[in-house]
Each structure stands twice: as C-alpha cells, then as structure tokens.
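Notes for the one structure printed next.
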Amino acid sequence: MSNLFKKHIFSILGYTLITLIMTLPLAFNLTTATPSVEVFSPEFKKMTDEYSEIWITWRFKKAIQDRESFFFMNDSFYPIGIDFTIADHTLALSLMVSPILFMTQNPTLAYNLIILLSFILSGYSVYLLANYLTKNKIASFAAGIIFSFSSAKIGHTLAAHPAIISLQWMVLCILFFLKLLDEQKPSNYIFAALFFTLNTLTSYYLAVFLTMFLAIYLLLNLKKIIDKKIVFALLKLSILVLIFHLPLFIRLLQAINTGYFPSDAQVGRYAYYYGADLIGFVIPPFFHPVLKNTVSWFYDSLQGNAWEHTTYIGFSVLFISIYSFCKFRKVRVVKLFGIMSFLFFLFSLGGALWINAKPLTILNKSIAMPHAIFNFIPILDNIRLPARFFLLMMLCLSIVAAWGLKFILEKYRFWAKFAVATVCILILFENMSFPLPLNNLYIPSVYKEIAQDKGKFSLLEIPFCVASGYRVGGHPWTASQLYQTVHKKNLIGGLLGRTPDFVYEYYHRLPVIDSLMRLERNMELEDQKMQFDQYGLRETLSFLDIKYVVIHKEFVDSAAHKYIEQLLTGLATKKYYPDGYIAYKLPELNKDFYNKVDFSRVGSSLYMIKGLMRYPATITMVWADKDSMLAMPIKEKISSTLKLDIFAIKPITVSAAVNNKKAFIFKLAKGTNVKNVPLKKEDLINGPNIIRFKSPSENSWAIKSLEIIRK
C-alpha cells in the first residue's frame, strides 16, 4: 500500500471517527431516530424537517421501484400532484445511499447515513482542497475539521437540512476548478463539471453558492484569466456543465412555466429577518451542552428560529484566521480567500444590519447591506435565508487558517503537532452538541393497519397541512409525510420547499378542506360555509378518493376534529387506537357523477386546478386564463373522448394537453362551441388526469361543461 493511499485512508478514517464521536448516540440509533431540534423547540413537535427529509429519501426508492418519475409525484398533494424539480430534492444524496436504501428498505437508515457522510466527505473534500493549496497534510486535516464541524453545519444537521450540510460536491468542484486553471487536463474538466452537477442535484441553494464562489474567484483573478488559454478552458468547462445540466434545465423550465417558481413577497421579507446577527458570530451555538443556557437570551430574542441564525465562528478559528491573514496577507491564496471570506460575511448579514436582534437604523431607516442588491437580480432574489452564506465564509476561513497552522507545523516541529491537535480539540469543543439530540421516530399503529388495506385510495389527516418554506395553509405538520412511507396511500396536502400559489388556491376552493384549514387557524365558520360543505361532502370525498380520515392524537377534540366528525356522522365507522389516534373509515362512494361536470354547480370547484375563474355575472361557466388546468378523474384507463361545451367571445385557438402529453389544437368560433379532445389509453392514469389549456389571451373563452365519453 503506497504512502499516498495510506494518508488518504487515514484522513477518511480520522473524519469518520470524529463524526461518530461528535454525533453520539446516533450510531446506535440509525434505524429508529434522527438528529432533531425538537428537544430545543418542543413547540415544533412533529413540524420539523426530518419527517419530510426521510420522506424525500423514500420517494427516490418508490420512483425506481414503481417506475415513476422522480420529479413529479401524483400521490402527494392529491389530487393534482406536484412537480418536485424546483424543490431541494437531494437526488444526488439519495443516489449516494441507494445501495443501502434498497438493501434495507429503511429510509430512516439511509437518511442518517446521508447525515454522517456529510461530515466525513465535507471534511475530506476540504482536506483535499487545503492540501492542494498548502501542501501540508496535518494543517489540511485541521482545515477539514474547521469547516465540517462548524456551528452552522451542526445547527443545520439538527434542523434536518441535508441539502445544506452536504457540501462535499461543492468543495470538490472548487478543487478541480482550481486545478483546471493551473493545468488543462481532461480529467479536471470532467470532474469539475461532474461535481458541479452533483452539487446542483443536491441543492439549488448550493448551486447558487457555488456559482457565486467561482464568479467571485475569477473576478479577483482577472489578471490570470485574461490569458487566452484560460478563457478557452473556462468556455469548454461551461459548455460541459451545460451539457451535464441540460436534462435538469428542461425540467426546471417546465416547472417554472407551470408556476412553480415562487414570486411571493414573503421571500424578500425572509431575507430581511434571516440575515446573520452581527454579534451572532461570537455567540456560542444554541445547542452547546455547557453554554446553551448562558446564550439562550440571544437566541430567544431573534426574529425567526435559532438554527438559521447560528453563525458562531469559534474563538479558536477566529484567532488562527486573523493571525494567519496578518502574517501571510501577501501570499496570494491567503489574501484571496481572506477577501472572499469577508465578502461572504457581508452577504450573510442579509438585507439589513442586525445587532443584538435589532436592526440598526439611521433616521428610523435600517442600514441596507450588500444582500439588498439581490432583490433586483433574478434567481438571487429567491435567496430567502442569507445567513447560510456563513458556510462559504467558513470554507474560506478554513483555507486561511490552514496557512497559519502550516507555519506553526513547519517552524515548531517538536511541539507543533501537539499544538495543532489541541486546537482541533478546542474547535470541536466550541461547536459540539453532545449528546446529539435525537428524535425517536414512532409510527402510529393506525398507519400500519391502513397499509394492510390493499388498493389505491387517499387519506385525509387532521391536522391538514399544505405548506412550503414560506407559506402555510392549515396547521404546519410534517409527520404525515413520514407516515406515508408506511401506509403508501395518497396524501391530501403536503409540504415542499417550493409549493406554488395555485396549489394553495385550489385547496382553499374545496368544500370541507378549506373549512378545516380555517378551523386550524382558529377562524370561525359562517352558516353559509357549513351548508356549502354539507352540499359538497360526498362529491369531495369521492373525488379525492378518501377512504380514511385520521385524527392525530394531538388534535383529538380540536375544532377541526369535532367539525369533521359532525360531517361524517352516519357515513363513516369510527375506531379508537391505544396510542391515542382515531380513524374514520368510509364506504365506497359512487364515482359515476363526475363523468360529466356542469360548471354551473358550486361543487365543480373540485375540478378547477388553476387559471379557471367563475364570475358572478356568468356563474354558469368558468373563464380560462392564458394557462389553465382542470382535473378529470378516470376510473379505467381506456381510450375515451373528452367532450367540452365552450363559449368564446371571439375567435381563438386553444391547445389542450392531457398529463403533459402531446397537445391537441382546436379553433373556437365566436359563441358556443362543442369540441372533442381524444384521450388515448396510454396517456391516461387511474385517478385525476390533469388537462392543461393554453390560449393567447385570458378571459376570452369559458367552459360550460365537460363529459367523458367512453369508446
């Protein structure tokens, strides 16, 4: 075994050992528990992200086994489904642990392995980068510890953000990018483009961060890159990255075209409140076992949660970095990474300067920070959590610190290794969360029982939740997504990092569902609203294919529970479970009535997904936007004809596509039109089929009714 290979193995083993110690007792609970912030924030019980992240890992396995699209899911956010492309789907991480996932069939184990590997591989990748720049393996190993076990990384581990802590692909891309600038070897092109792509398939946040890092690096090295050879190399790399990303770009454009890219003003407000607090850089983390009570005053006073505001550099790292920069500021690498660390520090402050949980103001106006410029730059204007730039700051500081440690190791050889080891222990102590708080995941017995009920149907759960990272309908609740990995039935509602506005609007139009969301937000129901629910109850239950209504134990006897029980009286059988859950089982309901939809009926809102509006002056029809969608349930996958009764106020051409298949084009004359859209068997699915209409102008045509005619 060569000495080079041994040194790589020993460094990986070193990071593995440190990871296992720093995350104890996770190694003994890999199949049943996950790191969590619930112990620090019990008010977020069953609302934290580990439930959703395990569900995302499970979705990868499900997509492969059921031969479904990974990027579009029909069985969540039922009946309309949702496009997964724009969210942090962490596809690269699921691929990384896929052998374990398929062998064990345990998504919790696979998720925990992602967490552990994020520490090991992030540390190792920084070790490789630092060693390339410093040519000192011990100093580089310490740099890996500085970065991989930083306070923000552990904070995001507890918050269940694997997409944010899995930074290995980003660092490896930077490494091969720097190598490419020095030597234009084919392997450097391929690996730089490959790791860029894996980074994108991990997190769009990290894709933006990496792009910004490389752009800033090039801007600070203009003298070097004006060389024709370098310019040509960068052009070739850009083309290769584009080729690797092309399939994903096509999916992204389709998702954005459907309305999945957020445009809500709350994104900008998040960027204002979730910038790093200036004194937070020297305040120990909220999870520190010794100091957490001492620093609780700071984290309790912040706007927002503690983990997004955890930006503690650590006094050991701060001292070494300042010493290194002062002593080696004329060294190009130190100067460069020192400047970049300062820039990312500025970006992490967000749109305004906050000090001690208060925005600093002059003449009653907050002081704008560089991040405020991002509000005017497409894509960057969606960075709603700027404190995450701290991770890039720590990456740069780890390289700066490595140079100071290199100097110590080379000058004071006898005591140097002991001194560096002591520094590493101090760094780990400053950022530790020992023992690592775990959330013991419990699957209620009702879901195990429902899993035994064969057939495809839906669950309605109380609390009802439809949510994203910046908007909530109903009550925030992520546990339902974990439970879907067990029962494997359709889930009404759900949570995704980027949930488009039309999904919220759809659920708010539905009988019963909208009332449940209102009750969960402590709103009262008018008599007219309750009559609307009674009128549309059976059609709603049938359309959504609901067979079970499950009441979580925390919501037994809540207003939403009492209301749904009142609606289901005489219709469903009720069962109590020893762990406190309640389930209502519904009989098979008649589904024939929705073979024909008359849009003059109030209940027709069930079929109106997006861009269809009913106006008081023309209540017998729904008017179409330029881009509109409706859902049409199909009981059997047989070739059929969709008959549309349409009214147009002027001649217009409309396209109709079923489930994103090839569009059918038809021309409308002014007045009443009857059009038939062929539905091919191979284009249909059992359940709601999404029909998407496109036209050149809005409110120029309207649908009176539709009917499925079976051949």
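The values are calculated or read from the model by the stated rules, or taken from the named source; none is laboratory data. Note that the structure is predicted; figures quoted are calculated from it, not measured. So basically every Cβ, Gly included, is an ideal-geometry build from the backbone, and we count neighbours across all protein chains shown. Only protein heavy atoms, including side chains, enter the accessible area calculation; ligands, DNA and RNA are left aside. Shrake-Rupley method; radii C 1.70, N 1.55, O 1.52, S 1.80 Å.
Here are the numbers for the structure shown:
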read-out	value
Carbon + sulfur, % of accessible area of region 55-166 - ligands and nucleic acids excluded, 1.4 Å	62 percent
In region 1-92, the GluC sites (Glu not before Pro) that fall in loop regions by DSSP, at most 14 other Cβ within 10 Å	68
Heavy-atom accessible surface of region 451-586: percent carbon and sulfur, 1.4 Å	49 percent
Relative contact order of the chain, defined on C-alpha pairs under 8 angstrom at six or more residues apart (%)	13 percent
Taking region 172-320 and dividing mean pair separation by its residue count, relative contact order in percent (alpha carbons under 8 Å, at least six apart)	17 percent
Low-density loop positions, GluC sites (Glu not before Pro), region 426-535 - DSSP coil, at most 15 other Cβ in 10 Å	524, 526
Per-peptide average of other Cβ atoms within 10 Å, ordering 398-410, 648-660 highest first	398-410, 648-660
Percent carbon-and-sulfur accessible area, region 316-383, ignoring ligands, DNA and RNA, probe 1.4 Å	71 percent
Segments 117-124, 684-691 sorted - mean Cβ within 10 Å per residue, highest first	117-124, 684-691
Packing rank of 196-205, 617-626, 533-542, where each peptide gets the mean count of other beta carbons within 10 Å, highest leading	196-205, 533-542, 617-626
Evaluated over the chain, the Cα radius of gyration and Dmax, each in Å	27.9, 93
Accessible area in square angstrom per residue, the chain, 1.4 angstrom probe	42 Å²
Most positive-pole-ward Cα, 403, 506, 271, against dipole of the chain from beta carbon charges	403
0 to 90° range, to nearest 10: angle between helix 50-65 axis and the chain longest Cα axis	70 degrees
Cα centre as origin, Lys/Arg/Asp/Glu Cβ charges: the chain dipole, Debye	2340 debye
Cα-based Lys proximity count in region 471-574, under 17 Å, for pairs eight or more positions apart or on separate chains	7
